[in-house]
1. In region 172-190, which residues are in contact with a His (Cβ under 9 Å, 6 or more places away or on another chain), in contact (Cβ under 8 Å) with a residue 60 or more places away in the chain and not hydroxyl-bearing (Ser, Thr, Tyr)?
2. Counting only residues that are assigned to a helix (DSSP H, G or I) and over 12 Å from ASN159 (Cβ atoms), how many does region 77-99 have?
3. What's the total number of residues in region 239-271 that are surrounded by fewer than 15 Cβ atoms within 10 Å (Cβ to Cβ) and not polar (S, T, N, Q)?
4. Are any residues in region 140-189 among the small types (Gly, Ala, Ser), in a loop (DSSP other than H, G, I, E, B) and within 19 Å of SER252 (Cα to Cα), and if so, which ones?
5. Name the one entry in ASP109, ASP139, ASP118 that is crowded, with 21+ Cβ neighbours inside 10 Å and in contact with a strand residue (DSSP E or B) (Cβ under 8 Å, 6 or more places away or on another chain).
6. With respect to ALA75, determine if the residue is at pLDDT 50 or above and closer than 20 Å to GLN182 by Cβ.
7. Does at least one position in region 176-188 carry a residue that is in contact with a helix residue (DSSP H, G or I) (Cβ under 7 Å, 6 or more places away or on another chain), crowded, with 21+ Cβ neighbours inside 10 Å and among the aliphatic types (A, V, I, L, M)?
8. Might you check whether a residue that is in contact with a His (Cβ under 6 Å, 6 or more places away or on another chain) and either in contact (Cβ under 8 Å) with a residue 12 or more places away in the chain or crowded, with 19+ Cβ neighbours inside 10 Å (or both) occurs anywhere in region 223-238?
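The values are calculated or read from the model by the stated rules, or taken from the named source; none is laboratory data. None of these values were measured; they are calculated from a predicted model. Heads up, the Cβs are rebuilt from the backbone with ideal geometry, glycines too, and the neighbour counts pull from every protein chain shown.
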Amino acid sequence: MRSMQRGLAALTLTVCGLFMGSGVLQAATSNAASARKAASTNKAPAKKSGRAAKRTYDKPDVKSASLLVVNEDDASILLSKNADVAAPIASITKLMTALVVLDEKQSLDEELTVTNEDRSLDRGTASRLAVGTTLSRGDLMHLALMSSENRAAHALGRNYPGGLDTFIEAMNAKARALGMTQSHFSDPTGLSSENVASPADLSKLVMAASRNSTIRSYSTDTEHEVTIGRHKVEFRNTNNLVRNKDWDIVISKTGYTEAAGRCLVMKTVVNDHPVVIVLLNSFGKYTRVADAARIRRWIETGRFQQQPAVRAAMMESPQIKVAQSAGSAASGS
């Protein structure tokens with residue numbers, strides 16, 4: 001009897017131990033799972049960081065619909081997307097407008113008057129140059145490049161020898177001379193959606209325009225004051241980056257129309273190298289500036305892959321040689 005009682009007691013202890021052990025095992029399993037989850041959570045950022053680093057090495061997360069980034073020193077392409085696709089370029093047009101006027105060596109001191117003809121194309125857009133405003137050609141060019149004034153740009157084209165039609169012909173002839181094979185211009189402002197170019201073409205325009213000291217100065221000036229009637233009116237640069245001391249910008253131009261989206265072209269110095277950045281059709285007000293910042297950081301870290309085959313092809317390209325030659329000729333301006 002006592003033996004049976006001892007057996008039952010042992011069995012009871014065993015069963016209780018099993019239940020207790022099961023609870024401990026469950027708790028341990030739960031804790032282990034929690035620990036693994038915590039460890040996984042702790043490790044995730046490092047793993048994610050690794051993936052991000054790899055993506056950065058390949059290319060930055062740029063939002064613009066088309067782009068081209070070129071090291072001007074050797075014409076090597078650092079980054080491209082839809083670089084050979086022509087699209088509306090909005091006020092990037094004004095770089096070509098300035099080049100054509102300066103090629104003609106028209107006096108920058110000559111006074112020109114804004115007329116109704118200059119406001120016919122920009123109805124619905126803002127302008128502080130009222131009809132009847134008289135400014136020097138230099139001031140009009142300054143406002144066109146820095147503040148993207150459409151009436152100023154149109155007045156420059158209208159006062160070209162031979163008139164506006166001749167000016168537009170000269171714009172397209174200049175594009176051909178620069179090797180801009182996918183470009184077409186139909187007005188000096190960029191308000192027309194028929195003004196189109198590819199990022200590859202615009203890189204040639206930027207390189208040529210950047211060799212002109214007048215365009216360099218006007219396009220990167222932070223503000224400019226002119227007298228309109230009896231009032232002093234201050235205009236500001238449409239590219240906020242020119243006011244950022246962290247940037248060394250050689251030439252700059254922004255653009256926007258509904259057809260073109262938000263655009264930005266510039267030449268800046270990164271790691272002691274002149275880099276041409278072309279960004280077309282960026283969505284959102286700040287995307288083009290954010291894209292430019294991402295590209296600069298990407299270059300500064302050295303996390304880009306050289307494209308020697310493309311670089312060699314670019315160096316042998318007659319269009320690049322023509323652009324460099326034309327730019328050198330303009331450097332005396």
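1. ALA175, ASP187, PRO188
2. Residues of region 77-99 assigned to a helix (DSSP H, G or I): 90-99.
This time we only want the ones that are over 12 Å from ASN159 (Cβ atoms), so: 90-96, 98-99.
Here the count works out to 9.
3. Applying the first criterion (surrounded by fewer than 15 Cβ atoms within 10 Å (Cβ to Cβ)) to region 239-271 yields 240, 243-246, 248, 258, 269, 271.
Next cut, not polar (S, T, N, Q) only: 243, 245-246, 248, 258, 269.
Residues meeting the conditions: 6.
4. First pass over region 140-189, keeping only residues among the small types (Gly, Ala, Ser): 144, 147-148, 152-153, 155, 157, 162-163, 170, 173, 175, 177, 179, 183, 186.
Cutting the leftovers down to in a loop (DSSP other than H, G, I, E, B) gives us 147-148, 162-163, 179, 183, 186.
Across region 140-189, the qualifying residues are SER147, SER148.
5. Details: ASP109 fails: crowded, with 21+ Cβ neighbours inside 10 Å; ASP118 fails: in contact with a strand residue (DSSP E or B) (Cβ under 8 Å, 6 or more places away or on another chain).
After ruling out the rest, the residue left standing is ASP139.
6. On the way: at pLDDT 50 or above: yes; closer than 20 Å to GLN182 by Cβ: yes.
When the stated conditions are applied, ALA75 passes them.
7. Looking through region 176-188, at least one residue is in contact with a helix residue (DSSP H, G or I) (Cβ under 7 Å, 6 or more places away or on another chain), crowded, with 21+ Cβ neighbours inside 10 Å and among the aliphatic types (A, V, I, L, M).
8. Filtering region 223-238 down to residues in contact with a His (Cβ under 6 Å, 6 or more places away or on another chain) leaves 224, 235.
From what's left, either in contact (Cβ under 8 Å) with a residue 12 or more places away in the chain or crowded, with 19+ Cβ neighbours inside 10 Å (or both): 224, 235.
Among the residues of region 223-238, at least one is in contact with a His (Cβ under 6 Å, 6 or more places away or on another chain) and either in contact (Cβ under 8 Å) with a residue 12 or more places away in the chain or crowded, with 19+ Cβ neighbours inside 10 Å (or both), which makes the answer yes.
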